[in-house]
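The numbers here are math on the coordinates, done by the rules we state, and not lab data. Keep in mind the model is a prediction, meaning the values are calculated, not measured. Positions of Cβ are backbone-derived with ideal geometry, glycine not excepted, and every protein chain shown enters the neighbour counts.
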Amino acid sequence: MVFSSHVFVFYFLPLTLLLYYAAPWRGRHLVLTLLSYLFYGWANPLFVVLLLFSTVVDYVCGLAIVGSGPLWLGRLATLRPTQSRAGARSRWHRPLVSLEPDTPRTRGQRTAVIVSVCTNLALLGFFKYFNFGVASYDTLLTLLGLDGLRLELVFRITLPLGISFYTFQSMSYTIDVYRGHAAPLRSFIDFACYVSMFPQLVAGPIIRFSEVADQLRGRTCTVTKFARGVAFLSVGLAKKILLANPCGQVADLAFDAGSLGALDAWYGLVAYAFQIYYDFSAYSDMAIGLGLMLGFVFPKNFDSPYRSASITEFWRRWHISLSSWLRDYLYVPLGGSRHGPRRTYVNLLLVMVLGGLWHGAAWTFVIWGGLHGTLLALERARGKTALYDRLPRPVRVGATFVLVSIGWVFFRADNLGEALRYLQTMLGLGAVEPSRAVLAGVMYQPYLVGTVAVAALVTWGCPQTWDWTRRLTAPRAGLTVAALVVALALLSTQAYNPFIYFMF
């Protein structure tokens, strides 16, 4: 189920809001958890089993780290005979005490966090990289002339939706508890709600436990917050339907074409750069909006990344929840910049390569991550400034956009060979066949060209959703409603409606 679908907009969302606000306060997390499992299992109910298993493991490990037991293991036996059940529930919902960050950890605590991290990485590694590992192994043996040792497995592993997001999110919980940055939740339902909340379950943002811990224990649901949530959802839906989808049509035509001119290839690449930005930022907008409608405040995930004047700045603005996660849970533990320049450059490269693999199990994603890691290392060597830092800022912004877009070639291409052929075409080195004229007649339809132009105008000339919705004046509210109405009208006519990050 996707946010930009009739099932979600007209059935699932109204049902969720009705049941959520009709439930008593202590029952809302249970309602939200069950509805989130319904949302997640819509495509394949078996995915819910995997999500529940990961949730149970991390919940138990979190309690084990602070020396407590799960709520269902004899907590009633510890109550005094005169204590009421209401008082018991109240006590269970009170937070446990977090560990002191500087105190030594016991072997049991270290074991608990290791079990959590290894379980999550094992799930992610098996379901996401098994097929990639087998294919790479077979290819290597073919190159070595050892075809007889190939595995050539008939079956393939299906990638569960959102596993890259919820494993990182759940894993950050136990790591933060172990580090003493957060106290674990006593209630399993509260923790299950945190892991499975449908607004951010499938494609983020990656919500750290520390960002919503207090909100899980108590939050306010106000008309102002709900209204801003509706505005976020409306703008996000409009960005997805009105901008991302048409740009995606242009990109698909270009990358799937047998023959292209150089200008066609650049046009298709720019369209893809806008598609992936508006597709993913739209999902994040809708996730943040849905969270607000339920009383939760999620952090910003995009900060106008194509206005960046360097690759370093780009990664402070693009997919902020992932880049900050990689920084705090991978780059810093590897040593960060504390062990000299060479180690810093290696750490940057390693983190970005792993970040590329996180996005997809293919060598194209490894190269994409390596390209960004190399550029980040070069900029770090220059003092966190771009290689073209002496140019005026508008030129630096344009140059950064071009570099990022070239990286998107590897991100979009189905394999390395296609990526290299597309880059050749961009340089004017590809053969142009007569069939290119037919393709151009489709790619350069006024509607599609106009959409790409509007996407560029919005990217560099309009405020971002976070700022637009902060103060909802009457004109802004009117424009938001108009955008929502148009988006919903077009939703019923568009057959092309993918979400790129669902595959990650």
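A compact table of results
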| item | result |
| --- | --- |
| Ranked Leu448, Leu17, criterion: other C-beta atoms within 10 Å, fewest first | Leu17, Leu448 |
| Coil-residue chymotrypsin sites (Phe, Trp or Tyr not before Pro) of the range 95-177, DSSP, other Cβ within 10 Å capped at 15 | Phe155 |
| Nonlocal Lys pairs with alpha-carbon distance under 24 Å, the chain (8 or more apart, or different chains) | 6 |
| Cβ-placed point charges (K, R +1; D, E -1), dipole of the chain about Cα centre in debye, nearest 20 | 2000 |
| Unit charges on C-beta of K, R, D, E only; dipole of the range 130-280, Debye | 820 |
| Most positive-pole-ward Cα, Leu472, Ala271, Gln424, against dipole of the chain from beta carbon charges | Leu472 |
| Nitroxide proxy distance, nm - points 7 Å out along Cα→Cβ at Leu34 and Thr224 | 3.4 |
| Calculated FRET efficiency for the pair Arg179/Tyr444, C-beta based, R₀ 60 Å, to 0.05 | 0.65 |
| Kyte-Doolittle mean at least 0.0 and Cα axial length at least 30 Å: DSSP H helices in the chain | 107-143, 262-293 |
| Net charge contributed by nearby residues that have their C-beta within less than 11 Å of Arg307 (K/R +1, D/E -1) | +1 |
| Length released on extending from Leu263 to Val481, taking residue separation times 0.36 nm less the Cα-Cα span | 74.8 nm |
| Length gained when the stretch Val402-Leu378 is fully extended (0.36 nm per residue, less Cα-Cα span) | 7.0 nm |
| Under 12 Å, Cβ to Cβ, from Gly336 - net charge with Lys/Arg +1 and Asp/Glu -1 | +3 |
| Of the trypsin sites (Lys or Arg not before Pro) in the range 437-504, those whose Cβ has at most 16 other Cβ within 10 Å and which sit in DSSP loop | Arg470, Arg471 |
| Charge context of Arg179, other residues only, Cβ under 13 angstrom, K/R +1, D/E -1 | -1 |
